[in-house]
1. State, to one decimal in nm, how far the label point of Leu6 lies from the label point of Leu69, with both points 7 Å from Cα in the Cβ direction.
2. Rounded if a/c is under 1.5, else prolate if a/b is larger than b/c, else oblate: which is the range 27-133, with a ≥ b ≥ c the root eigenvalues of its Cα gyration tensor?
3. So if we plug the beta-carbon distance of Arg101 and His81 into 1/(1 + (r/R0)^6) with R0 = 25 Å, what FRET efficiency do we get, rounded to 0.05?
4. Stretched out fully, how many nm does the piece from Glu14 to Ile164 gain, at 0.36 nm a residue minus the Cα gap?
5. What lysines could a cross-link reach from Lys16, if we take a straight Cα to Cα line under 16 Å and drop same-chain neighbours fewer than 8 places away?
Amino acid sequence: SEIDQLLEGRSEAELKHALNLLNMAFGGRGRHIVGLLGLRGAGKTTVGGMLARRLKVQFWELDDRIEELAGLSLSEIFALHGESYYRRLEEQALIEVLNERKRGILALPGGIVGDADSFDMIKRNCLTIWLQADPEDHMNRVLMQGDRRPMANRPNALAELRLIVAAREPLYEQADFHVQTSRLGLEKT
């Protein structure tokens with residue numbers, strides 16, 4: 001069959017990817033959520049919303065769930081309670097979304113890969129896609145959204161961003177798929 005021809009000679013990793021996609025498409029016992037990984041400005045919200053509409057599934061942003069749990073905006077969470085509180089809420093929100101067992105697309109916070117327990121849950125329960133972008137694109141996209149924080153009082157903001165990308169890259173590389181959004185553009189992505 002055509003499927004057999006496509007799979008013939010594929011590596012174990014490629015066969016695993018194919019099985020995950022088939023499970024997603026046909027409701028097998030595989031992972032029902034596509035988890036989008038990447039830094040702010042990678043395109044998780046835009047691409048995730050478009051993909052959810054095309055697949056006719058739900059789209060969630062974990063940060064929205066975190067804000068709902070706290071009853072505060074993200075900036076208020078960090079200002080009032082700090083990062084450790086945010087990370088606890090992040091894990092709680094992730095568990096709630098995964099326990100719903102619904103099909104959907106989930107935009108994940110950029111730093112979630114740094115929490116080993118949460119990242120393991122994601123890898124076990126989601127088909128993961130790392131949306132990569134050039135550092136300049138990350139910065140420009142965030143600025144276009146009206147968020148000036150990356151540049152505020154930071155003359156070396158782009159250099160700092162490059163360091164963050166380099167530090168997280170080995171973790172993001174563990175995703176099932178990698179998509180370079182800077183080179184592909186929105187539709188191809």
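What follows is calculated from the coordinates using simple rules that are stated; it is not laboratory data. Just so we're clear, the structure is a prediction, and the values are computed from it rather than from any experiment. Cβ coordinates were reconstructed from backbone atoms using ideal geometry, including for glycine residues, and neighbour counts include every protein chain displayed.
1. Taking the two extended label points, one gets 3.7 nm.
2. Taking the square roots of the gyration eigenvalues as a ≥ b ≥ c, the range 27-133 is prolate.
3. So, using R0 = 25 Å, E works out to roughly 0.25.
4. Working: separation 150, 0.36 × 150 = 54.00 nm, distance 2.90 nm.
So the chain would gain 51.1 nm between Glu14 and Ile164.
5. Lys123
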